[in-house]
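One structure is given here, and the rest of the page talks about it.
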Amino acid sequence: MNTEELQKQGLNQDQINYVMSEYGKELNPIKADRDNLRTQLDNAQESLKEFEGIDIKNVKELETKVTTLTQDLQNARKEGDKKVADLKFGMALESAIRKAGGRNEKAIMAMLDVDALKESKNQDKDIQAAIEAVKKESDYMFVSDKPVPKVVSSTPGVSKNTDDLKTKANDALRSVLGR
């Protein structure tokens, strides 16, 4: 996601800045986790290099260490891949909500079965269908294409009836408020 893509979508600079800051809030912790996992991977690889040139006497001990380090490396890769997949899914879901005209992404996401959507084979299609279902149920959470009706009332202007209308309005308010 970059500024040019958002400008093509018709967003102004303030909206682009907001989207990018929100994107950064989600992306930066994941990048930090990724960097942490890379550090762990580098440490594991360094530990493996330490075993080079060791006597055959300690082979059993070395085998267990290699197995443990290899397993740690695989777990770190799986965890990193899972976080990247979760990030991509979250960005796709938020993008689809924005395209549908969602007013509050978090509120709309709370109404979706996110776990089922993550497991879906055709995520894009299923996300669109789920958003459309929420839009039908709760259309107030989305920007409407329908024009807002305007209420127009006439004003009497300066006349003898103006004082009568003010008196009637005051009497009506007093009766509603109980005074």
Taking N as the residue count of the stretch 1-92, its alpha carbon Rg divided by 2.2 N^0.38 Å gives 1.70
Of the residues SER21, ALA107, GLN123, the Cα lying farthest along the dipole of the chain towards its positive end, which is defined by charges on the beta carbon of Lys, Arg, Asp and Glu, belongs to ALA107
For ASP145, placing the label point 7 angstrom along Cα-to-beta-carbon and taking the stretch 67-99, residues whose amide nitrogen sits under 20 Å are 95-99
For LYS83, the lysines lying under 16 Å Cα to Cα, once residues fewer than eight places off in the same chain are dropped, come out as LYS25, LYS31, LYS118
Amide H neighbours of PHE142 at under 5 Å, excluding residues fewer than 5 places away on the same chain, with H built from the backbone geometry, are ARG103
Answer in debye to the nearest 20: the dipole magnitude of the chain about its Cα centre, from +1 Lys/Arg and -1 Asp/Glu charges placed on Cβ, is 1060 debye
Share of accessible surface on carbon and sulfur in the chain, whole %, 1.4 Å probe and ligands ignored, is 51 percent
Output row, site LEU48, 7 Å Cα→C-beta label point, backbone N cut-off 18 Å, window the stretch 79-96, residues 79-81
Over the Cα atoms of the chain the radius of gyration and the largest Cα-Cα distance (Dmax), both in Å, equal 30.5, 114
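On full extension of the chain, what length is gained from SER175 through MET91, given 0.36 nm per residue of separation minus the C-alpha to C-alpha distance?
Result for the pair: 24.8 nm of gain on full extension.
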Probe 1.4 Å, heavy atoms of protein chains only: per residue, the accessible area of the stretch 91-133 in Å² is 62 Å²
Under the 7 Å Cα-to-Cβ spin-label approximation, VAL59 and GLN123 lie apart by a distance in nanometres of 4.6 nm
Here the gain from full extension of LYS83 to ASP33, 0.36 nm per residue of separation minus their alpha-carbon distance, amounts to 17.1 nm
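Could you tally the net charge around LYS118, taking each other residue with its Cβ under 15 Å from the Cβ of LYS118, Lys/Arg +1 and Asp/Glu -1?
Working: positive: LYS82, LYS83, LYS88, LYS121, LYS125; negative: ASP81, ASP86, GLU94, ASP113, ASP115, GLU119, ASP124, ASP126.
Charge balance in the 15 Å sphere: -3.
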At q = 0.13 Å⁻¹, the log10 of I(q)/I(0) for the stretch 51-130 from a Debye sum over equal Cα scatterers comes to -0.56
Taking the dipole of the chain about the Cα centre (Lys, Arg +1; Asp, Glu -1; charges at Cβ), the one of GLN71, ALA172, LEU6 that reaches farthest to the positive side is ALA172
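The values are calculated or read from the model by the stated rules, or taken from the named source; none is laboratory data. Just so you know, these numbers come straight off a predicted model, no measurement behind them. Reconstructed Cβ throughout: ideal geometry from the backbone, glycine too, with neighbour counts over all protein chains shown. For accessibility, only protein heavy atoms count, side chains too; no ligands or nucleic acids. Shrake-Rupley method; radii C 1.70, N 1.55, O 1.52, S 1.80 Å.
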